[in-house]
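Student: A single structure is presented below for examination.
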Amino acid sequence: MAGKLSSGGGGKGMQPNSEPNVIPFIDIMLVMLIIFMVAAPMPTVDVKVDLPPPGIPIYTQPEDKPTIVSIQDEAGVLTLYIGDEIVPQERFRDRLFDVVRTNNTTMRDDLAKLFQNAKVFVDADQETNYANVIGLINEIDQTGFKQVSLLVKDAAI
């Protein structure tokens, strides 16, 4: 039990102190904070983001056109589109390769460059199930195309 001096000169001396001693509590909390900071796992998810270079962008008309792949989910039935063409799921990979090759005239003969640099955009509305969109992105990736992006549109007002 701790004691405290009386504030007056009354001569009573030491009186019992009823206030808690918080210094050991603060020490323990600081040690626990350090332990939790060291023991917390570091984020392991790496997302590569290609940012545009600083400065004023200079727009040039590209010779190669991106390919837009759409998915629509109507009453549980998935419909795949490449451009405006409906494509059956079993012919999707072959047709996607043909359309991308047609849209990218500068890389048409160099397949390694075509698969690495050709841009494929995925378009889906908010009613489409997330798993279906991710499945379509995986299908495009398994076809071999590495530049797959989600198409973002302005919301209708």
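Student: How about K119: which aspartates and glutamates have a C-alpha closer than 13 Å to its C-alpha, ignoring those fewer than 8 places off in the same chain?
Tutor: Cross-link targets: E63, D64, D141.
Student: So how compact is the stretch 67-150: Cα radius of gyration and Dmax in angstrom?
Tutor: 12.6, 41
Student: So between K65 and D109, what do we pick up on full extension, going 0.36 nm a residue minus the alpha carbon distance?
Tutor: 14.3 nm
Student: Which distance in nm do the two modelled labels at N117 and L30 give, with both placed 7 Å along the Cα-to-Cβ direction?
Tutor: Going by the 7 Å Cα→Cβ label model, 5.8 nm.
Each value in this text was obtained by applying a stated rule to the coordinates, not by laboratory testing. Quantities reported herein were computed from a predicted structural model and do not represent experimental measurements. Cβ coordinates were reconstructed from backbone atoms using ideal geometry, including for glycine residues, and neighbour counts include every protein chain displayed.
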